[in-house]
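The block underneath contains the structure these notes are about, expressed in structure tokens.
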Amino acid sequence: MLSQLYMITPNETEAELISGIAVHDIDSAEQAARNLYHRGVKVVIITLGSKGALLFTGDKAILIPSPAVNALDTTAAGDVFNGAMAVAISEGMDFEEAVNFACKAASISVTRMGAQSSAPNRLEIS
């Protein structure tokens with residue numbers, strides 16, 4: 001089934017479950033991303049919480065850091081990340097720019113309580 005996906009955005013736990021590689025640091029995240037890439041996924045983005053996200057497209061792995069924030073509630077951070085990725089791609093950003101944008105959006109969301117109420121609007125993400 002992975003060969004049918006163009007992009008996947010698992011968090012550390014999900015990446016381990018899918019790849020079979022324990023993700024506990026940047027190097028192991030890259031190994032898991034390579035595993036998923038070699039199984040057919042063209043763009044692998046592993047979200048790493050406060051460390052940001054690892055973008056892997058086959059030719060290189062790029063760690064995109066998240067802004068440092070005081071996290072209050074991580075509910076919906078992954079959903080906000082993916083929604084922001086969709087916005088960024090629809091606006092014509094390349095993958096590196098889109099992941100950076102998504103990390104900023106998710107970082108804003110974790111500073112607020114709740115799920116839907118934590119999602120930033122487009123103007124809040126610079």
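Listing for the model above:
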item	result
Hey, S19 touching a Gly at 6+ places or on another chain (Cβ under 6 Å) and among the small types (G, A, S) or not	no
Scan of segment 1-16 for residues that are in a helix (DSSP H, G or I) and more than 23 Å from N70 (Cα to Cα), ordered by number	L2, S3, Q4, E14, A15, E16
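Read the figures in this text as sums done on the coordinates, not as results from a lab. Everything quoted here is computed from the prediction, not taken from an experiment. Quick reminder, even Gly has a Cβ in these numbers, built from the backbone with ideal geometry, and neighbours come from all protein chains shown.
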